[in-house]
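Enquirer: The structure that follows is given in the form of structure tokens.
A short reminder: the numbers here are calculations on the coordinates, not readings from a lab. Everything numeric here is computed off the predicted structure, so don't read it as measured data. Because the Cβ atoms are built from the backbone with ideal geometry, glycine has one as well, and the counts that use them run over all protein chains shown.
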Amino acid sequence: MKVTRTELINAMERERRRRKLNHHAFSTLLRISKSYWTMIRKGDRRPTLYVLQAILKQVPELGPYVDSYMRQGNDGDKGQTTQEIINPDISGKPLKKTGGKTTGV
């Protein structure tokens with residue numbers, strides 16, 4: 001399944017309505033501001049890696065949508081799978097410590 005940003009956002013909206021959450025409650029669930037959620041919803045902003053991670057953790061039902069979206073190389077994360085987002089050390093890239101943070105090289 002190929003998932004565009006619009007399809008991902010539509011799936012997020014369907015899940016929000018299924019859970020009977022208003023926009024504020026849904027944005028709180030994802031730990032983002034309501035205004036940022038509004039910008040994503042309207043297409044003014046792309047979901048960041050942080051938002052995609054939050055979706056995977058807080059709304060696991062949307063995992064297949066996020067996985068397909070990421071596999072297509074959207075937002076500069078070409079070819080990443082959801083497992084690589086959650087556990088960057090399984091991507092096969094050596095980890096490098098920079099400024100107190102461990103990152104993939």
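Enquirer: In this structure, is I55 assigned to a helix (DSSP H, G or I), touching a residue at least 12 places away in the same chain (Cβ under 8 Å), farther than 18 Å from Q72 by Cα and of a type outside the set (D, E, K, R)?
Expert: Details: assigned to a helix (DSSP H, G or I): yes; touching a residue at least 12 places away in the same chain (Cβ under 8 Å): yes; farther than 18 Å from Q72 by Cα: no; of a type outside the set (D, E, K, R): yes.
It is false that I55 is assigned to a helix (DSSP H, G or I), touching a residue at least 12 places away in the same chain (Cβ under 8 Å), farther than 18 Å from Q72 by Cα and of a type outside the set (D, E, K, R).
Enquirer: Taking the stretch 22-42, which residues are in contact with a helix residue (DSSP H, G or I) (Cβ under 7 Å, 6 or more places away or on another chain) and either in a loop (DSSP other than H, G, I, E, B) or under 12 Å from V66 (Cα atoms) (or both)?
Expert: L30, R31, I32, S33
Enquirer: Still on this structure, please answer the following. Contact list please: Cβ distance under 7 Å, first residue in the stretch 23-51 and farther than 22 Å from E61 by Cβ, second residue polar (S, T, N, Q) and part of a helix (DSSP H, G or I), pairs at least six apart or on different chains.
Expert: These pairs meet every condition: S33/S27.
Enquirer: Output the residues belonging to the stretch 9-21 that are within 12 Å of E61 (Cα to Cα) and outside any loop (DSSP other than H, G, I, E, B).
Expert: Applying the first criterion (within 12 Å of E61 (Cα to Cα)) to the stretch 9-21 yields 11-12, 14-16, 18-19.
Residues satisfying the conditions are A11, M12, R14, E15, R16, R18.
Enquirer: Mind counting the residues in the stretch 15-52 that are surrounded by 13 or more Cβ atoms within 10 Å (Cβ to Cβ) and not aliphatic (A, V, I, L, M)?
Expert: 15
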